[in-house]
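Let me begin by presenting the structure, written as structure tokens, before commenting on it.
The values are calculated or read from the model by the stated rules, or taken from the named source; none is laboratory data. Bear in mind the structure is a predicted one, so any value in this text is a computation, not a measurement. Cβ placement follows ideal geometry from the backbone for every residue including glycine, while neighbour counts extend to all protein chains displayed. Protein only, heavy atoms only, side chains kept; ligands, DNA and RNA dropped before computing areas. Shrake-Rupley method; radii C 1.70, N 1.55, O 1.52, S 1.80 Å.
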Amino acid sequence: MTISAASPSPLIVSFGEMLIDFVPDVAGVSLAESGGFIKAPGGAPANVACAITKLGGAASFIGKVGDDEFGRMLVDILKKNDVNSDGVCFDREARTALAFVTLKKDGEREFMFYRNPSADMLLKESELNMGLIKQAKVFHYGSISLITEPCRSAHMAAMKAAKEAGILLSYDPNVRLPLWPSPEAARDGIKSIWNYAELIKVSDDEVAFLTQGDALREDVVLSLWHDNLKLLIVTDGEKGCRYFTKGFKGSVGGFSVKTVDTTGAGDAFVGALLVSVARDTTIFDDEGRLREVLCYANACGAICTTKKGAIPALPSNSDALALIKSKGN
């Protein structure tokens, strides 16, 4: 394993939502049955930014929060995690988004969102820090910012500016059906920007949703391939991940750990992958190196499931290397 936190760290800009997750303090109960909740910072793009810096990379977050206690708390958390927050705006009218996340007995989640509208949905194109975007080596985003205007237009403008500047585009759709008007709207919205990205990470469940096919079948997965893609990753939970490039394909096994909460596991995986990609884009053409990086990303995702919440559970570089070493990978 040759992952090193001492390598140079080009900037990765993560765009989208940051919110508060309220997680029941007891697993396996419904929201109505829960007697108490643990407050945890969340939002996939913000989680990814924090995952990157925890692993020794450089990250900025671009998005909008409410000019309220929760919004200020979230920006403080970005700063404490060494994430550049120069791209964060505060909205005086709308509140910071909240999500109540039910943990089932297997650690999987169910969501209930409070966004009507929340501040992140109101980010305008005129509020974008384009200078920050153009400094990036990688521009990473999800699909929740596509659901409503004006945030959708801001997302499109940011993505196009990054593309024109020659910045690598990374997309994790992060499907959250309760936020979309319908499953069809979600499928169409997520696919509307599909062909821009050069790196896409999807879960097996998301493959099944987007294709309406069997996520284990290679032809179904490859129906998501497009000519601009350099790397398509399918995460398969604790089983690991599958990878597809123009020149090769394969799978890398995962790590079996005691799962407490799967929140943020995919974001820890993406953060680890992007740190490595930003430092060395030749991994798209080097299968041995890519497999090393994906083993590392799998370890980061696994570690994140062993604690509640997303950002508090993100691993360090030494955590990931220790897990890999302990399993003899």
Close pairs from the stretch 92-106: first closer than 19 Å to Leu177 by Cβ, partner surrounded by fewer than 20 Cβ atoms within 10 Å (Cβ to Cβ) and at pLDDT below 70, Cβ under 9 Å, at least 6 apart: Val101/Arg109; Thr102/Arg109; Leu103/Arg109
- prompt: Counting only residues that are open to solvent by less than 10 Å² (accessible area, probe 1.4 Å), of a type in the set (Gly, Ala, Ser) and outside any helix (DSSP H, G or I), how many does the stretch 290-322 have?
  reply: 2
- line: Per the list (1) open to solvent by 30 Å² or more (accessible area, probe 1.4 Å); (2) aliphatic (A, V, I, L, M); (3) over 24 Å from Val260 (Cα atoms), residue check on Val83 breaks on (1)
query: So which of Phe248, Phe255 is more than 22 Å from Ser326 (Cα to Cα), at pLDDT 95 or above and among the hydrophobic types (A, V, I, L, M, F, W, C)?
result: Phe248
message: Looking only at the stretch 244-289, filter to residues that are part of a loop (DSSP other than H, G, I, E, B) and among the hydrophobic types (A, V, I, L, M, F, W, C); which one of those is least open to solvent (accessible area, probe 1.4 Å)?
response: Phe255
message: Let me spell it out: the conditions are (1) surrounded by fewer than 19 Cβ atoms within 10 Å (Cβ to Cβ); (2) touching a residue at least 12 places away in the same chain (Cβ under 8 Å); (3) part of a loop (DSSP other than H, G, I, E, B), and Asp214 meets all of them except one. Which number is the exception?
response: (2)
query: Restricted to the stretch 86-105, and to residues that are in a strand (DSSP E or B) and at pLDDT below 95, which residue is most open to solvent (accessible area, probe 1.4 Å)?
result: Phe100
message: Could you check the stretch 8-38 and list, in sequence order, the residues that are more than 27 Å from His155 (Cβ to Cβ) and of a type in the set (D, E, K, R)?
response: Asp25, Glu33
query: Wholly within the stretch 19-79, which strands (runs of 3 or more DSSP E) include no fewer than the required count, namely at least 3 residues that are touching a strand residue (DSSP E or B) at 6+ places or on another chain (Cβ under 8 Å) and either among the β-branched types (Val, Ile, Thr) or under 29 Å from Arg279 (Cβ atoms) (or both)?
result: 37-42, 58-66
task: Select from the stretch 223-238 the residues that are open to solvent by 70 Å² or more (accessible area, probe 1.4 Å) and at pLDDT 95 or above and list them in ascending order.
output: Ser223, Asp227, Asn228, Lys230
